[in-house]
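The values are calculated or read from the model by the stated rules, or taken from the named source; none is laboratory data. All values reported here derive from a predicted model rather than from experimental measurement. All Cβ positions, even for glycine, are placed from backbone atoms using ideal geometry, and neighbour counts span all protein chains on display.
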Amino acid sequence: MNVKKIVMSFIVPITGLALLSENSIASNYHYNQLPPPSVDSNFYDNGSPAEAKVALGKFLFFDKILSGNKNIACSTCHHGLTDTGDGLSLPVGEGARGIGVTRDTGTGPDAIHERVPRNAPPLFTLGAIEIDTLFHDGRVEIDATQPSGFSTPAGDDLPLILENVLAAQAMFPVTSATEMAGQPGENPIADATAAGNLAGVGGVWPQLADRLRDIPEYVSMFNEAFGITADQITYAHAANAISAFERVAWRADNTPFDRFLRGDRKAMSKSARKGMRLFYGKAGCSGCHSGTYLTDMQFHAIGMPQIGQGKGHGEGGYEDMGRAAVTGDETQRYQFRTPPLRNVALTGPWGHSGAFDTLEGVVRHHLDPETSLDNYDCSTEPRLPSRADLDAHDCFVMNDPVLVMNIKDANELEKVHLTERKIAYLIDFLHALTDPDSVDIRNNVPRRVPSGLSLVD
């Protein structure tokens, strides 16, 4: 985890709490101070958005009414029973059935056409103001130069009333054919998606707003949450409500590490504290996983294996160039956003393509990416529901020595040697980033939704 090209940022001293001494850190590191603790003011709305918005957002998050074929919800790939992810390396979206690792690929003409190209990211602590960039490639980010305040693939079509970057992110899964919209010819929303019509007459977002206006319970809830009438409901209001729900339900900042930062020296075990010293010291993890929420919000190439068809980049159309595809900057090939780490032990598989199915595996990869790439077994490591035509694509990149070498050449991480005991300490620290309130989040799942659609497949 020692970064060649990147200087650590966001590590801020805590007055009276210099918990890592000079002697506990190798002399060639300067990671000798911990970040400030997480507090209410670090979050939008001081961590307490209006209850009416949260209640509305909870229903919308689990309601299949927002999908083109009314067969999938936001929660399908970000469920309370699967730690706000789906437990798979790559999601199987619109057309599949089931939840989590039991989800299949569907059957007959309704079956999925391809796997979703990237791992479903967990949703913990995304309400923190510090987290200003979303998606693995950062294609949604705060940008004061834009009329909406956000840079997104929608450009000027993005509504101007979005309250935060998490709400801006919620505008886009409904516009993806593989995730929620469906295929052209299946429904009008899928047709609008295929035509690139998001905000115009008959666009994706106006059609979804029309659906919500036709459900009296939703009309009442939008009125309570936003003070608007039925004809004023837009999908942007829905995105704001979804953001409010996510921010409250999955704040996750009462981990042993958080309590330690707030002054409880006994909050973490002795081995976790040793792992913390490694995290901020020899292992160099904080070079990227910095700040209160353990992310620098930057983009790094760390030699992650590529599973699946990627985003269609490269000559063969199987690669995922990450940030470079957003910015056009070739020096950013294979770079992906540093993820926040709250509840990281719960949120596997790990990596932008879900390449690693164990926490230990992804930790060892960070310590020696090039050897990890050389030894990666694509036939056994990914967690994916099998279907012959999809399986044929899953290991295309990892079976091509030239493409693997391209990933390896872009890697920014140096090899770090740790003993087996020290690796165990480091993993213990990562477990200390688990909020006890997140271990059982079944109560975040409603028992029904206003559309009357089923919560199960």
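General remarks:
- Residue check for Asn164: in the same structural domain as Ala190 (by TED's automatic domain parsing), of a type outside the set (A, V, I, L, M, F, W, C) and more than 27 Å from Asp437 (Cα to Cα): no
- Considered as a group, the residues in segment 93-151 that are among the acidic types (Asp, Glu) and over 26 Å from Trp250 (Cβ atoms) include one that is nearest to the chain's Cα centre (by Cα), and that residue is Glu114.
- Segment 79-133: number of residues that are surrounded by fewer than 22 Cβ atoms within 10 Å (Cβ to Cβ), in a helix (DSSP H, G or I) and of a type in the set (Val, Ile, Thr): 2
- Number of residues in segment 429-449 that are in a helix (DSSP H, G or I), surrounded by fewer than 19 Cβ atoms within 10 Å (Cβ to Cβ) and in contact with a helix residue (DSSP H, G or I) (Cβ under 7 Å, 6 or more places away or on another chain) equals 1.
- Counting the residues of segment 326-358 that are surrounded by fewer than 19 Cβ atoms within 10 Å (Cβ to Cβ) and not in a loop (DSSP other than H, G, I, E, B) gives 4.
- Within the set Thr371, Thr380, Thr295, the sole residue that is of a type outside the set (Gly, Ala, Ser), not in a loop (DSSP other than H, G, I, E, B) and not assigned by TED's automatic domain parsing to the domain that holds Phe135 turns out to be Thr371.
- Per-region count, segment 330-388, residues of a type in the set (S, T, N, Q) and closer than 19 Å to His313 by Cβ: 4
- In the set (1) closer than 28 Å to Gly100 by Cα; (2) surrounded by 20 or more Cβ atoms within 10 Å (Cβ to Cβ), the condition left unmet by Arg364 is number (2).
- Residue match in segment 282-292 (condition: touching a residue at least 60 places away in the same chain (Cβ under 8 Å), of a type in the set (Gly, Ala, Ser) and in contact with a Lys or Arg (Cβ under 9 Å, 6 or more places away or on another chain)): yes
- Only residues that are surrounded by fewer than 18 Cβ atoms within 10 Å (Cβ to Cβ), in contact with a Pro (Cβ under 8 Å, 6 or more places away or on another chain), assigned to a helix (DSSP H, G or I) and among the polar types (S, T, N, Q) were counted across segment 205-263, and they come to 0.
- Of all the residues in segment 287-305, those that are in contact with a Cys (Cβ under 9 Å, 6 or more places away or on another chain) and surrounded by 19 or more Cβ atoms within 10 Å (Cβ to Cβ) number 6.
- Filter pass, Gly351 being in contact with a helix residue (DSSP H, G or I) (Cβ under 7 Å, 6 or more places away or on another chain) and either under 22 Å from Tyr425 (Cα atoms) or β-branched (Val, Ile, Thr) (or both): yes
- Taken over segment 14-56, the criterion of being surrounded by 13 or more Cβ atoms within 10 Å (Cβ to Cβ), at pLDDT 95 or above and in a helix (DSSP H, G or I) is satisfied by Asn42, Tyr44, Asp45, Gly47, Ala52, Lys53, Val54, Ala55, Leu56.
- All told, Leu198 meets the bar of being under 30 Å from Phe336 (Cα atoms), touching a residue at least 24 places away in the same chain (Cβ under 8 Å) and surrounded by 20 or more Cβ atoms within 10 Å (Cβ to Cβ).
- Screening Thr107, Thr102, Thr76 for residues that are β-branched (Val, Ile, Thr) and assigned by TED's automatic domain parsing to the domain that holds Ala177 leaves exactly one candidate, Thr76.
- Members of segment 312-353 that are small (Gly, Ala, Ser) and more than 20 Å from Thr133 (Cβ to Cβ): Gly312, Gly314, Gly316, Gly317, Ala345, Gly348
- So Asp143, is it touching a strand residue (DSSP E or B) at 6+ places or on another chain (Cβ under 6 Å) and surrounded by fewer than 22 Cβ atoms within 10 Å (Cβ to Cβ): yes
- The set of residues in segment 269-285 being buried (at least 24 other Cβ atoms within 10 Å of the Cβ) and not in a helix (DSSP H, G or I) consists of Tyr280, Ala283, Gly284.
- Applying the criterion of being assigned to a loop (DSSP other than H, G, I, E, B) and acidic (Asp, Glu) to the residues of segment 393-428, the residue that is nearest to the chain's Cα centre (by Cα) is Glu412.
- Of residues in segment 57-77 being of a type in the set (Gly, Ala, Ser) and assigned to a helix (DSSP H, G or I), the one surrounded by the most Cβ atoms within 10 Å (Cβ to Cβ): Gly57
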